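Some notes on the structure that comes next.
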Amino acid sequence: MNFFRGVMGGQAAGPQPSGAETIQKLCDRVASSTLLEDRRDAVRALKSLSKKYRMEVGTQAMDHLINILQTDRSDSEILGYALDTLYNIICNDEEEEQDESEDETAQKQADDLGAQFTDQFIQDPEHVTLLLTLLEEFDFHVRWPGVKLLTALLKNQGVQVQGIILVSPMGVSRLMDLLADSREVIRNDGLLLLQQLTKSNAAIQKIVAFENAFERLLDIITEEGSSDGGIVVEDCLLLLLNLLKNNSSNQNFFKEGSYIQRMKPWFEVGDDNSGWSAQKVTNLHLMLQLVRVMVSPVNSPGATASCQKSMYQCGLLQQLCTILMATGVPADILTETINTVSEVIRGSQVNQDYFASVNAPSNPPRPAIVVLLMSMVNERQPFVLRCAVLYCFQCFLYKNQKGQGEIVATLLPSTIDANSISAGQLLCGGLFSADSLSNWCAAVALAHALQDNLTQKEQLLRVQLATSLGKPPVSLLQQCTNILSQGDKIVRRGSKVQTRVGLLMLLCTWISNCPIAVTHFLHNQENVPFLTAQISENLGEDERLVQGLCALLLGICIYYNDNSLENYTKEKLKQLIEKRIGKENFVEKLGFITKHELYSRAAQKPQPVFPSPEQMLFDHEFTKLVKELEGVITKAVHKSSEEEKKEEEVKKTLEQHDNIVTQYKELIREQDAQIQELKEQVASMTSQNEQMQNTLTQQLSQIQQHKDQYNILKLKLGKENQSQSNSQGDISQVNGLQTEELTQLREEVEELRKQHTLLQTQLGDKDALINTLRSETAEGSAAGSDNTELLKELEALRSQVQSQSAEINQMKTERQELLRRAEAGSSDAFSSNDGSSDAAKIAEVESRLAAQTTETEKLKEEAKSLSESRVELEQQLASATSTVAILQTEKAKLQTEVQESKKEQDDLLMLLADQDQKIHSLKQRLKDLGETVDDEDDLDARDQTDDDYEEDEDED
């Protein structure tokens, strides 16, 4: 402790140690002291010396300080001192504050010193990982200096530190936790840290976004008062810009999370807009930039259109238009709002239509477009505001043919209203005013009303202007060329190159791809001599651009010339160029446009951004036109008349050939489609036929099994009926009646069998027809007549099957009546023998009734089976000749009926088993009562006789 009193206390005897020696002793104490208090005091002393002796402390103490961070994790106080010391030697903020009093060399040395110590610290990535771990400490004296130190590291060596944090486990998540800290100073410094972290690193930007950064930042902005908030709102907005700018993934996440809707309250501006604070202006400016990021023209068209739609639906566009028309809004906010509205409506038809309907709160109300154009052609308005209005007008007309038509219509004679100012009148006024900037802006705006719109180019040729009293009106096209030719000397004397460039760009856009406009332009005898004179002269550097534009205009007159004027055909114009100018000289002058230094700047982005009005020469859309036309005009000038004739002949031949080829292609395409459709039908019919054949085979085998079972049961029941033929009279009468009806049913069943055989024969015939149809389809022949005949035959079969179905239903009705009468007879028999004591007679009656009932049930099952077979055959015949859709329906129906048939067969087998059991029980009861029962040998003999009889019937 005496050492510290000597260093920090009063003057000691003897010579004083230098700063480097003192720092060396402190470093030794930090490295060698075993007591925590001694090390803490030494680190505190280093902290106090770190600003004055930055080089010495950084060189000697950095390793010891890092060791403190690793070993003394339990003491937050010494950790805070160590972090503060590291921050002092790495951060360059102190030197930046003294930038006014220091020269540039000293400042550069200080910056280099910070970068040097940063490189030393991050040489081992574990040091950054250790710092991230310390940020998890909640203690204020550890967390706050840790945040500041990491921010300083990112400022000095951002890319390297970003890479270390990116690969560190949970590195970004730990930093995101700073936004949830309840202490505002840590949260605010955490915002600054995340700003440095997310600069130019898309991977980290995505991680931060998916760590719920949008939700937290928007909550902070709302809590701080939105646009009325302080510097914290500005930091949040800067961080949002980092996350969204040039990051399509985050932009899509922002839109899908419905965060665009939460931006609307930012732009709610009251009636009193006086006295805006500088911070509010800054905040609102950043908010507008945030909106522009989402709808920037450099984004993908789909993403931009989706964001534009969301902004209209949530009312954000309406809110921006309210600011646009409000009074008292600062000029820079108004300018940025105009630019923002421009990009929100650019290329979106719905948004453009809404903007066209916006009116300014004036008396009488005027459209917002008219109010903005009045500012654009007013030379007293700020230059940046006039550029913003031009950009807004361009975006309103971008891919908006409806809007282009409305603007051009305000210039036509039939639509001009003398009592109100229209957009067309303002553009004409600016086009011919004394202000060169107004001339240029009006010319470019009018050119955008004609961009890629042949109809409006032709309509604008109808516009007539009254130049002076007593003189006839001239067309707008003629007036533009008159200003260029007649006022050439006046304009040049005034150095108004800007006016001439604007008019030439308008004329080039107007007559390009419009032969009628070219004819109108060439009809004036003075235009071509003026252009050739301009191109052939040797003018100064400033006039080279005008010469290049004149060459472009003359080249358009050649390329889009329809040879309707005899004096100015393509060939004569090219001869004129060759004699007066020279082809090589013409091409050289044409190349002056793209070689101009302002050409490439205008081609970069649609928004017109110029440092001064004098540099406002090129329009973005016009650069696209120049790029498109320069090559074709050069080729057109060098081609001879013979080559052009050959090309035209080749073009006509190719067009004819293309037409013929197109017709054959369409025919082949139709035939291919028909063949493919027929192939699919044949394949489907083949597979359906195979399935039907398999199903038919299965059903036939099942029907045969049912027939065999039915014959066996019928023989058994016949024997029993013969043994009981001598029963009582009234019962015999009833049984006799039932026997006659059963005989009738048997005859009907035989008839159904014959019809079944006939249907099978017809099915074979139809299969042969199907095979014939398939072969004819494969050969490409039409089979419409066969299909018609086959459909007719199928209809006949279908009607026959329906009649058979009606007969079967009648048989079912008769069978029900038979069962009812049999039950009535059975009840009468039992009642007549109620008083009798003869148990044998009762048993005999019961046996005979049971036998008759069994036989009736068997006939019922056979009728059902034949009916199902008939339905299946009908479905097979229909499916073999119908379309694919009908085949699918029939297939499903057939599968359902197969399942029902299987279920009924199972029920039949169960019923037969029950009947066998019942017969056996009745025989047993008869034996128990002492009655004589036929033995098995007699039954077998009788069965054999019945089988022979059935075989004879089958042969017949």
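Reported to the nearest whole Å, the Cα centre-to-centre distance from the stretch 890-909 to the stretch 568-599 is 89.
Of Lys25/Lys199; Lys155/Lys206; Lys714/Lys893; Lys716/Lys893; Lys52/Lys245, which pairs sit farther than 31 Å apart, going by alpha carbon to alpha carbon? Among Lys25/Lys199; Lys155/Lys206; Lys714/Lys893; Lys716/Lys893; Lys52/Lys245, the Cα-Cα distance tops 31 Å for Lys25/Lys199; Lys714/Lys893; Lys716/Lys893; Lys52/Lys245. Packing, as the average of other Cβ atoms within 10 Å across residues, places the peptides 72-78, 392-398 in the order 392-398, 72-78, highest first.
Glu336 exposes around 20 Å² of accessible area when a 1.4 Å probe is run over every protein chain in place. Need the C-alpha centroid separation for the stretch 220-271 versus the stretch 362-424, integer Å. Between the Cα centres of the stretch 220-271 and the stretch 362-424 lies a distance of 32 Å. Residue separation of Ala31 and Glu666 scaled by 0.36 nm, minus their Cα-Cα distance, works out to 219.6 nm of gained length.
Shown are Thr569, Thr854, whose ranking by accessible area with a 1.4 Å probe and every protein chain present, most to least, is Thr569, Thr854. Computed over neighbours whose Cβ is under 13 Å from that of Gln676, the net charge equals -2, Lys and Arg +1, Asp and Glu -1. Between Lys52 and Ser300, the FRET efficiency estimated from the beta carbon spacing at R0 = 60 angstrom works out to 0.65. Around the amide H of Arg366, modelled in the peptide plane, lie the amide H atoms of Ala360, all under 5 Å away and 5 or more residues distant in sequence or on another chain. Summing charges over all other residues whose Cβ lies under 15 Å from the Cβ of Pro382, with Lys and Arg as +1 and Asp and Glu as -1, gives -2. Applying 0.36 nm per residue to the separation of Ser475 and Ala434 and subtracting their alpha-carbon distance, the gain on full extension is 12.8 nm. Between Gln401 and Glu897, the modelled labels are 5.8 nm apart [label points 7 Å from Cα along Cα→Cβ]. Taking Lys and Arg as +1 and Asp and Glu as -1, the other residues whose beta-carbon sits under 15 Å from that of Gln451 total 0. Once the Cβ-Cβ distance between Glu126 and Thr222 is put in as r, and R0 is 56 Å, what FRET efficiency do you end up with, to the nearest 0.05? Plugging the Cβ-Cβ distance into 1/(1 + (r/R0)^6) gives 0.90.
In order along the stretch 291-296, the Karplus-derived 3J(HN,Hα) couplings, from 6.51 cos²θ - 1.76 cosθ + 1.60 at θ = phi - 60°, round to 5, 5, 4, 6, 10, 5 Hz, and Gly and Pro are given as x.
Extension gain, Gln705-Glu566: 0.36 nm per intervening residue step, less the Cα-Cα distance, totals 40.1 nm.
Which links in Lys574/Lys624; Lys579/Lys605; Lys457/Lys496 stretch past 30 Å when you go from one Cα to the other? Violating the 30 Å Cα-Cα cut-off are Lys579/Lys605.
The values are calculated or read from the model by the stated rules, or taken from the named source; none is laboratory data. Keep in mind it's a predicted model, so treat the numbers as computed, not measured. Quick reminder, even Gly has a Cβ in these numbers, built from the backbone with ideal geometry, and neighbours come from all protein chains shown. Ligands, DNA and RNA are stripped out before the accessible areas are found, and what is left, the full protein with its side chains, is counted by its heavy atoms. Shrake-Rupley method; radii C 1.70, N 1.55, O 1.52, S 1.80 Å.
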